[in-house]
1. Sorted from fewest to most neighbouring beta carbons within 10 Å, what does the list 72, 180 look like?
2. Per residue of the chain, what 222 nm ellipticity follows from adding -39500 (n - 2.57) for every DSSP H run with n ≥ 4, rounded to the nearest 500?
3. Quick query: amide H of residue 106 versus all other amide H atoms, modeled in the peptide plane; which residues come in under 5 Å with a sequence gap of 5 or more or a different chain?
4. Mind checking the dipole of the chain: about its Cα centre, +1 per Lys or Arg Cβ, -1 per Asp or Glu Cβ, Debye to the nearest 20?
5. Taking every DSSP beta bridge with both residues inside the chain, roughly what % is antiparallel (nearest 5)?
6. Just want to confirm a number: the relative contact order over the chain, from Cα pairs under 8 angstrom separated by 6+ residues, in percent.
7. Can you find, among 337, 348, 325, the residue sitting farthest towards the positive end of the charge dipole of the stretch 309-359, where Lys and Arg contribute +1 and Asp and Glu -1 at Cβ?
8. Arranged by the count of other C-beta atoms within 10 angstrom, fewest first, what order do 259, 366, 205 take?
Amino acid sequence: MRFTPSRRALLGHAGAGAALSLLPTGLRAATTDPWRRAEEIARAARPPVFPARDFDVTRFGARGDGQTLNSTAIARAIAACAAAGGGRVVVPAGRFLTGAVHLRSNVNLHLQAGATLLFSTDPKDYPLVFTRWEGIELMNYSPLVYARQQRNIAITGEGTLDGQGSARHWWSWKGPWGGTVDHGWREGMPDQRKARAILFEMAERRVPVEKRVFGEGSFLRPAFVQPYDCENVLIEGVKLRGAPFWQIHPVLCRNLIVRGVDVLGHGPNNDGCDPESVDGALIERCTFDTGDDCIAINSGRNEDGRRLAMPAQNILIRDCRMKEGHGGVVVGSQISGGARWIFAERCVMDSPDLWYAIRFKNNALRGGLLENFFYRDIDVGTVSRAAVTCDFNYEEGANGRFVPRLRNVVIERLRTKNAARVLDSQGLPGAPVTGVTLRDCSFDGVTQPSIVRHTEGLQLERVRVNGKPVDSLA
């Protein structure tokens, strides 16, 4: 079906701004100056506090020899910590093989220097749980580190989480892929395509989540770290390597801090951090070197996103470094629940394999209202495609009946040394991209003209391209 916006859909979006009345009073007061609102987000981000009690996993039988499966020992340590009222579950130096790790309230999983949680590559070590996969709820393999409906949880320390994703394990489940690394799939091997199509169809029919049972034989890869519907979440200092799928994937969380993590994964769909339907998040001082988007803000796919209707909002990204990836700071494409009040500042991006610095992706099958995005002081070395892209033709493009909306994007002091083009902004007929402002920006190394289609209200204020001031990109 080709996209034709209905009058009802358009009127529904017109009233979406009323939802701001549901936000905390302090954040409502900061809306007159958007960066005051960002300051409020930062002040509201408070890390959980844990009692000064340590539960060393080796006291519960764990062995860091890289061969002994420690799932039960680690679970015992977490249970004992929770029963005592909370504290730190400590993983000392060594290589601790484990299956799924499930966190509980008031537990800080702390990896000391030299510690590695080495995750099993046997799918049987990941029991079915209530999770979200590409923006759709289902019962599937547990994420490698998981928590649901818990409060005051953390993953901290100088150690490493190693998912052991590779061309031999997990990655081949993707099936055909146009990425730059060999992910192991060959014609005739099993992959996710059949189960993925079934899951999408079940979601469109609103089949109850408890009946969307996948797991063995479905080849839907588990996420790496997923706190689900949790409050007061801290992920700090650790390294992530070898993700099977999405790497840090908080869903429906409140008061989330991701700080100082080092994320490296070049497998298929190895997004760095995907806050999905999250309200109140601070992502700072992180490094992302990924096989997909570095940070991708989401809020549910298609009918499932509309059913839950939980936007991603009040997110501040600052002082991060983005290397390889499809996009640096990205919104979408699982964005049917909407997104608003997203801020990014003082980030550095640079790689010939980084496609875009700032990226919005949506289409007429997703729909969703995206509004109020503020980015400033972004330094970019090289991006291979465009510095900024607003793409409503992503995947299904106009083949849908829902209105994708993007409005009020302000980008200040974005500086690029090598960008093939400045802007690629393509809305849809009847659903234009609206209200994009580039202010005090400079773009060098530009070799291709910008693409501006179905875009209204594009403003350039003191913008330079290849050293020359410009007042138009059309």
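1. On the way: 72 13, 180 10.
In increasing order of surrounding Cβ atoms, one gets 180, 72.
2. Values: 6 runs with 56 residues, N = 474.
That comes out to -3500 deg cm²/dmol.
3. It is 151, 152, 153, by chain and number.
4. Numbers: 60 positive and 51 negative charges, 164 e Å.
For the chain, the charge dipole is close to 780 debye.
5. On the way: 10 of 146 bridges.
Of all bridge pairs located within the chain, approximately 5 percent are antiparallel.
6. On the way: 1474 pairs, mean separation 47.2, N = 474.
Worked out over the chain, it gives 10 percent.
7. So the residue furthest toward the plus end is 337.
8. Values: 259 17, 366 28, 205 7.
Arranged by neighbour count, lowest to highest, 259, 366, 205 become 205, 259, 366.
Bear in mind that the values in this text are calculations on the coordinates, not laboratory data. What you see is a predicted model; the values in this text were computed from it and never measured. Ideal geometry is used to build each Cβ from the backbone, glycine not excepted, and the neighbour counts take in all protein chains shown.
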